[in-house]
Amino acid sequence: MRLTRRLLDTLAVLLAVATVFPIYWMVLAAVKPPGEIQSLHQRPWTLAPSIDSFHRVLAVDSFGRYFLNSLLVALVVVVLSGLCAFLAAVALTRFRFRMRTTVLVLFLVAQMVPIEALTIPLFFLVRDLGAQVPGLGLNTLGSLMLVHTAFTLPFAIWMLRGFVAAIPEELDEAAQLDGAGRFTVLCRILFPLVAPGLAATSVFSFITAWNDFLFARTFIISATDRQTLPMALLVFFKPDENDWGAIMAASTLMTVPVLIFFLLVRRRLVAGLGGAVKD
Amino acid sequence: MRIRLAAAAALALTVTACTPSTSSPSAAPSDGGARTGTLKVWLFDEPNRAPKEAVVKDAVAEFTAAHPDTKVDVAYLAVDTRSERFKGAFNDPASAPDVVEYGNTDLPEYAAAGGLADLGPAVGAWPEGADLSPDAKASATYQGTLLGVPWYLGVRALYYRTDVFAELGLKPPTSQAELTTAARAIRARKPELFGIAVGGKYTFGALPFVWDAGGDITSINSAQSRAGLKAYTDLLKPDNCPPQQCADLTGGKTVELFASGKAGMAIIGNFNRAAVDAGAAKGKYAVVPLPGGKPGSIAPAFAGGNNLGIMKNSQRPALAADFLTLLASKKYQSKMYAAMGNLPTLKAARAEVAGQDPFLAPFLSTIDAGTKFVPLDPGWGKIDAQAVLPTMIEKVATGKATVEAATDEAAKAISAALGK
Amino acid sequence: MTTALPAVRARPRRRVWTPLWLLLPAAVVLGTLFGYPMWQLGLLSVLDFRQAQVSGGQPTRFVGLANYAQLFGDSRFWSVLGATVFFAAACVVATLAVGAGLAVLLTRISRVPRLLLSLAAMAAWAVPAVSGSTVWMFLFDTNLGLVNQTIGATGFNWMYGRYTAFALVGAVVVWHSFPFVMVTLYAGIEAIPRSTLEAAAIDGASTWRTFWQIMVPMLRPLLAIVVIQSIIWDFKVFTQIYVMTRGGGIAGQNLTLNVWAYQQAFAASEYGLGAAIGVVMMVILLAVTLLYLRTLRRSGEPL
């Protein structure tokens, strides 16, 4: 038993190394001098590391601003998406109503549309919306938050639906018998129990909002101080003249916050249910 | 009851939503707009922006000194985002700038969208405007209207390894035949190198061969075009650059291969100088113009570059024209060369920088020998996106089609796209 | 997961928390941001709508099914569609296998290896698709790549053969997608009551049997989402193909539907044609998903 565990441990570590090797290569390319990135003698190390590429990336005007913009959008999307999805999931599992399956399938269909096809209609929608609601128009971060919440909702609803459905209704009823109102049941009983599911959808929402290139450049046209981090990465792509070192450095800087976010929600993700669920 | 209300509401919404949203073109002020206020300028961002920004700051300072009560608001866009940004600007006049920098191959697309203003009068009234070479002006003219001022150019020439040539006793080629012979010699004697790095996806490396033979993109299946194409694909053979390794190379990859020392020659631009100097080939190369078929001739190069233009829905066109002509003046073009290495478009500026840097000589001769451009038609964007020309080259290089069949197929796609 | 509700019993009337109130926020967001654009999508697909029309330069023209006719009449469309279906299917199967396998592995290892593996997978998921594809492209470059140089195969072009190219891009897609499957299924497995798993262990069930006979049935709803999600994403894959095959491979041999749609329609601002392709993609995905859901329903999974 212990031997199997050790073997599995080793296997897991090897797989981790294999999985992370391209990331390591990316970081390595970010610190290599330009001549070594494209060279006939590739080495998994460099004897002349330099943070020049990082300097070029950080020198991008308002890089800090872009970072904060991305962070704000991603966090708001996580909260909004999680909240709306949780409520919707409760509605779709704890109640039976006629349109239930249709609604569920509609949510699913929403994800099937290739987003590039929607950019022009969405562009005009956001533009017109901005005329009515100042914070949600073109050139605002609100438009990005709204769009990403919308695009992460279907998956989050479907995911949380499973988790809510797995919680026996007896728990609700037991709590209500003890005098808890519906709101309390929602917050104190259901919410904590779907925590692993919420953690998974949070990570998904965060990554979707954080790594978005398309909407960031479709909606933010002239307000350069509202741009998000992917725009900083795109600066270094020039046809036939790509600055690979800076691209890798910018990619590294984009990857790190997501890992930090993951580390923060990890405990929730991993937390078992203990004895909360009786069979 | 509730359902009926909902259905009625949906129906009403449907009726009103029956047409897709469009924007309405706004009119530019006929008197040239206000002469004060904020001028919005969009320029392209660079991986190393500081030098460019310094030059632009100088221009802004000079401009605001000469024009009281004005401010200039410069925004830098990543080149890769220009498509969405420009469309956004066309569709939402509130976000649109006044002066823009744009790639000259994007001109027909923007013109067809009705987004750029006519610069004929402004350039006519500009003293230095007469110094623009006719080639450059032609590449900024769409259906007879001048829609931009060429700001800088980039052309390609033949980079070759001086050490390899010295070792093998070769001389820099002065004709296409010599080029081919030299390439084969290098590969034969040094099989670890490519003679000349060429690629199936390298359109602007292949087009000079087609143009030099008298062919053109619009008649890609004519006898001359075919001859030119064959001259290029003959280089994609095992005796130079085997198709297995070279059929899918882009221009950028040939730069990397030359810089890392894998190729004896390559068709690279003046704008790739820094990349080559960063690699193993540093200090071991020289440049000559890409030779044509006739000994001593130069193959016509593609003149890529950026123009400066004014948006059609700008509310300050006169002010914009003033800033534009300042930025495009000889003084600032020379400064931009010093900062970025961009080749100026004004002949006087070119003469000035030529004297300063002998590295430019082959590129300037290439420009002087006459450059060519892609079809000035909105359909070119489609041809480029669909990769019609790279597919044609690759099919011939990999043997999937004969030159005749591939060019016929490409010609069909091209005329279909240009016809619209 | 409990599949049967307890016997019907009288419930007190709920006035405040009807399901519609709970659904309202989600419905508003999705309705506005999906309903309207999707309606527009259908509308655009029957119009001649390009940038000139968008900026108001030219009037829009109703062309009926001309866009669809142009699409279906193009033999390229069918070959690309076929390639996309096979490629997506292979990616989905591979992603699920890797993700599920690693999810189970995660439950059986010690804390530190578990942390390392989760972090590694998260890094793969977090890397922007364009960056990840670029790095893999570097690693597998013909002459300048580490892999070729290390195994002594310098000069072997992974992108030259149609199937080696697809295999490599597939590996990258799996690398980007398996963490999502792994994390989701791991969350699901952790939600299985420990007592059930212990009972199985006491009964002497091997890992394999435990997985297939205990975990999979309990994870079925989660698996359903994960499978559907993977199908949708892998069918729409764009960045990895575009970056690694430099726009579709040699003579377009590695084109998938979304890349082809981009080349044919979006890059040239032909929104009418692009919308038609979008509608077709949606219909295909819908058909596949409904088929899958029906299979699930037959096997007893209530929706």
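None of the figures in this text is laboratory data; all of them are computed from the coordinates on show. Owing to the predicted nature of the structure, the values given are computational and were not obtained by experimental measurement. Virtual Cβ from ideal backbone geometry, glycine too; neighbours counted across all protein chains shown.
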Work out the P(r) tail for chain B: percent of alpha carbon pairs separated by more than 37 Å, whole number.
-> 31
Taking only Cα atoms of region C:71-298, radius of gyration then Dmax in Å | 20.1, 64
Sites A:Glu169 and A:Leu3, calculated FRET efficiency, Cβ-Cβ separation with R0 35 Å, nearest 0.05 | 0.20
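Using +1 on the beta carbon of Lys and Arg, -1 on that of Asp and Glu, and nothing else charged, what's the dipole of chain A about the Cα centre, debye to 20? Don't skip to the end; give the middle numbers.
On the way: 22 positive and 17 negative charges, 128 e Å.
Magnitude of the dipole: close to 620 debye.
Counting only other chains, and only Cβ atoms inside 10 Å, what mean value do you get across the residues of A:48-60?
Partner-chain Cβ atoms within 10 Å, mean over residues of A:48-60: 1.
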Can you find, among A:Val77, A:Thr184, A:Val60, the residue farthest towards the positive end of the dipole of region A:60-270? Put +1 on the C-beta of Lys and Arg, -1 on that of Asp and Glu.
-> A:Thr184
Return the single residue from B:Asn306, B:Asn221, B:Asn91 with maximal mean-square fluctuation; model: Gaussian network over chain B, springs between Cα atoms under 10 Å.
-> B:Asn91
How high is the relative contact order of region B:107-171, in percent, with contacts defined as C-alpha pairs under 8 Å that are six or more residues apart?
-> 32
Taking neighbour Cβ counts within 10 Å as the exposure measure, how do B:Tyr110, C:Tyr163, C:Tyr292 sort from fewest upward?
-> C:Tyr163, C:Tyr292, B:Tyr110
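Averaging sequence separations of C-alpha pairs under 8 Å and six or more residues apart, then dividing by the length of chain C, give the relative contact order as a whole percent.
Numbers: 277 pairs, mean separation 84.7, N = 303.
Contact order relative to length: 28 percent.
Taking beta carbons within 10 Å but only from partner chains, what does the mean come to for residues C:265-274? Show your work: numbers first, answer last.
On the way: counts 4, 7, 8, 12, 10, 3, 6, 1, 1, 6.
The per-residue average across the peptide is 6.
For the protein assembly as shown, what is Rg from Cα atoms divided by 2.2 N^0.38 Å, rounded to two decimals?
Values: Rg = 30.0 Å, N = 1002, 2.2 N^0.38 = 30.4 Å.
It is 0.99.
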Determine the shielding of peptide B:388-399 by partner chains: average, over its residues, the number of Cβ atoms on other chains within 10 angstrom of each Cβ.
-> 3
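If packing is taken as the mean number of other Cβ atoms within 10 Å per residue, what is the order of C:77-85, B:410-418, highest first? Spell out each step's value before the answer.
Numbers: C:77-85: 16.7, B:410-418: 18.4.
The peptides rank, most packed first, as B:410-418, C:77-85.
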For a footprinting-style exposure proxy, rank C:Ile109, A:Ile221 by other Cβ within 10 Å, fewest first.
-> C:Ile109, A:Ile221
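Just list whichever of B:Lys52/B:Lys87; A:Lys238/B:Lys312; B:Lys87/B:Lys230; A:Lys238/B:Lys40 have alpha carbons separated by over 30 Å in the model shown. It would help to have the intermediate numbers written out before the result.
Working: B:Lys52/B:Lys87 25 Å; A:Lys238/B:Lys312 27 Å; B:Lys87/B:Lys230 38 Å; A:Lys238/B:Lys40 24 Å.
Over 30 Å Cα-Cα: B:Lys87/B:Lys230.
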Which aspartates and glutamates does B:Lys171 reach when only Cα atoms under 16 Å apart count, and residues fewer than 8 places away in its own chain are ignored?
-> B:Asp163
Tell me the label-point distance for the pair A:Ala223, A:Ala18, using the 7 Å Cα-to-Cβ offset, in nm and rounded to one decimal.
-> 4.7
Determine the dipole magnitude for the protein assembly as shown: charges of +1 sit on the beta-carbon of Lys and Arg, -1 on that of Asp and Glu, nothing else is charged, the reference point is the Cα centre, and the result goes in debye to the nearest 20.
-> 2940
When region C:213-303 is reduced to its Cα atoms, the Kirkwood hydrodynamic radius in Å = 15.1
Dipole axis of chain C (+1 Lys, Arg; -1 Asp, Glu on Cβ), positive-most option in C:Trp21, C:Gln53, C:Tyr186 = C:Trp21
If one takes the longest principal axis of the Cα atoms in chain B, at what angle in degrees, from 0 to 90 and to the nearest 10, does the Cα axis of helix B:223-233 lie?
-> 70
Have a look at A:His148, A:Leu171, A:Thr201 and report the one farthest towards the positive end of the charge dipole of region A:60-270, computed about the Cα centre with Cβ charges (Lys/Arg +1, Asp/Glu -1).
-> A:Leu171
Who wins for biggest fluctuation among A:Leu136, A:Leu75, A:Leu177 in a Gaussian network model of chain A, springs between alpha carbons below 10 Å?
-> A:Leu177
FRET efficiency estimate (nearest 0.05) - Cβ-Cβ, C:Val85 to A:Phe191, R0 41 angstrom = 0.50
Most fluctuating residue of B:Gly120, B:Gly37, B:Gly199 in a GNM of chain B with Cα springs under 10 Å: which is it?
-> B:Gly37
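If you count, for each residue, the other Cβ atoms within 10 Å and average over each peptide, how do A:249-257, C:257-265 line up from highest to lowest? Present the calculation step by step, with values, prior to reporting the outcome.
Working: A:249-257: 21.6, C:257-265: 23.9.
Descending mean neighbour count gives C:257-265, A:249-257.
Based on DSSP H runs of at least 4 residues, each adding -39500 (n - 2.57), what is the mean residue ellipticity at 222 nm of the protein assembly as shown after dividing by all its residues, to the nearest 500 deg cm²/dmol? Mind dumping the intermediate values first?
Working: 46 runs with 579 residues, N = 1002.
That calculation yields -18000 deg cm²/dmol at 222 nm.
Among B:Asp118, B:Asp248, B:Asp357, A:Asp178, which comes first, then next, by fewest other beta-carbon atoms within 10 Å? Spell out each step's value before the answer.
On the way: B:Asp118 16, B:Asp248 29, B:Asp357 12, A:Asp178 8.
Result, fewest neighbours first: A:Asp178, B:Asp357, B:Asp118, B:Asp248.
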So which DSSP H runs in chain C come out at 18 Å plus along the axis (Cα) with average Kyte-Doolittle of at least -0.5?
-> C:75-107, C:111-126, C:162-190, C:216-235, C:271-298
Using only Cα atoms, find the angle between the long axis of helix B:203-212 and the longest principal axis of chain B, and express it within 0 to 90 degrees, rounded to the nearest 10.
-> 70
What is the dipole size for chain B, taken about its Cα centre, with +1 at each Lys and Arg Cβ and -1 at each Asp and Glu Cβ, in debye to the nearest 20?
-> 740
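Give, in nm to one decimal, the length gained when the segment between A:Arg182 and A:Leu47 is fully stretched (0.36 nm per residue of separation minus the Cα-Cα distance). Could the numbers behind the result be given before it?
Working: separation 135, 0.36 × 135 = 48.60 nm, distance 6.37 nm.
So the extension gain works out to 42.2 nm.
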